[in-house]
Structures are given as structure tokens and as C-alpha cells.
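The values are calculated or read from the model by the stated rules, or taken from the named source; none is laboratory data. All values derive from a computational prediction rather than experimental measurement. Positions of Cβ are generated from backbone atoms using ideal geometry, with glycine treated the same way; all protein chains shown enter the neighbour counts. When the accessible area is computed, the model is the full protein with side chains, heavy atoms only, and any ligands, DNA or RNA have been set aside. Shrake-Rupley method; radii C 1.70, N 1.55, O 1.52, S 1.80 Å.
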Amino acid sequence: MNKSEVIQSIYHSMIEAAPDFIFSLIIFIGFWVLSKISYKVILRIATKSSPQKQQVISVLASFFKVSIMIVGIITALGSWGVNVSALVASVGLSGFALSFAMKDTLSNLLAGIIILLYQPFKMHQHITVGALQGIVTQVSLRFTHLEFEDKEILIPNSNLLTNSIIINHK
């Protein structure tokens, strides 16, 4: 096979693959647009919530956006003719390994979401958790910030779910 036959063979292969590629690109763009629209809609809904819940909704919106994009990429590759079963399995195993490695961080994150949604205590309320006590100054996704005697105490949110919380009404 000479050089011109190789080039012609590549050209014909590209022409045959073009419709599938264009269809896959349209699918990907559709999922991309869907992820952007859903993200903005969820954030617009979040603006009607309390500031603490806005933070949770923002994290969930980002997670939802990334999930839609991952499904879109896998769907586009599958419609292009790529065997995605191994890709789906590797994404699942990677997710499992990552979640196992980040167990404590994810535990604090999920505990923070639960605390922000259920609000067992309020801002500027005096609480005691185990041997620690103070006035709640901030609740983030990872830590709850207490202030006591001019010191800032950061309590991991997972500790607030596993230990008793005493709310001191003064």
C-alpha cells in the first residue's frame, strides 16, 4: 500500500465516522446545555432560601451539574461507537476508591449538610459538645465555629452528629 492509498483510506474512514461523530457532539452539547440550565435554575431557587441553606443547595447544584456532564460524556462516547462498559466500571471503581480515601472529609461534608438543613442550633447560641463549649459564630460545610474566651474553636461537623449537643439558653 503506497502513501496515497493510506491517505485515501484514512479519508474514507473519516467520512464514514463523521455522522456518528456529529451525532455524538450534538448529544454532548445537549447534556452540556442541560447541565448549565439546571445549575442556574437550582441556584435561582437557592436565592429564595436562608443563607445557610444556600450553601448546601450550591454544593448540590454543582454535584448535579458534574453528574449530568459525566452522563453526557459517557452517552456521547457510546453513541460514537466507543465501548463504554469498561469506562463505566472504572468510573464506579474510582468513585468507590476516592470515597473510601476521603471518608472523613465526606463524613464532615455530609454532616455539615445535615446540620445546615436541620439546624439543631442557631447562630450566636451557646452550645456544649463534649468538653468544648462556646457561642456559634459560623456553620460551614466542614466545621462549626465556636467562640469562647477570645478563642475560636473549630469542631468537625461529624463530631456534632456523633456527640450530644447541649444548647445553653442564657
Carbon plus sulfur, as percent of the 1.4 Å-probe accessible area of the stretch 75-131, comes to 71
Separation of the ILE165 and SER67 label points, Cα + 7 Å toward Cβ, nm:
2.5
Carbon and sulfur atoms: what percent of the 1.4 Å accessible area of the stretch 10-54 do they account for?
74
With all protein chains modelled, accessible area of VAL88 [1.4 Å, Å²]:
70
With θ set to phi - 60°, apply the Karplus curve 6.51 cos²θ - 1.76 cosθ + 1.60 along the stretch 28-35 and write out the HN-Hα couplings as whole Hz, x wherever there is a Gly or Pro.
4, 4, x, 5, 4, 5, 4, 5
With r as the distance between the Cβ atoms of ILE22 and LYS53 and R0 = 35 Å, compute the FRET efficiency 1/(1 + (r/R0)^6) and round to 0.05.
0.25
Please compute the length gained on full extension between ILE45 and GLN8, using 0.36 nm multiplied by the number of residues separating them and subtracting their Cα-Cα distance.
7.9 nm
Over the chain, with a single point scatterer placed on each C-alpha, what log10 of the ratio I(q)/I(0) does the Debye formula yield at q = 0.15 1/Å?
-0.95
Mean projected area (nm²) from the convex hull of Cα positions in the stretch 23-78 is 3.2
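Apply 1/(1 + (r/R0)^6) to the Cβ-Cβ distance of GLN138 and ALA86, taking R0 = 45 Å, and write down the FRET efficiency to the nearest 0.05.
Efficiency, rounded to the nearest 0.05: 0.50.
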For the pair SER94 and HIS124, how long in nm is the line joining their label points, each one 7 Å along Cα→Cβ?
4.7
With θ taken as phi - 60° and the coefficients 6.51, -1.76 and 1.60, list the Karplus ³J(HN,Hα) couplings across the stretch 105-112 in order, rounded to whole Hz; mark glycine and proline as x.
5, 5, 4, 5, 5, 5, 5, x
Roughly what would the spin-label model give for SER38 and ASP104, points 7 Å off Cα along C-beta, in nm?
3.3
For the stretch 129-170 and the stretch 1-54, write down the distance between their C-alpha centroids in whole Å.
45
For the chain, the per residue accessible area (1.4 Å probe, Å²) is 69
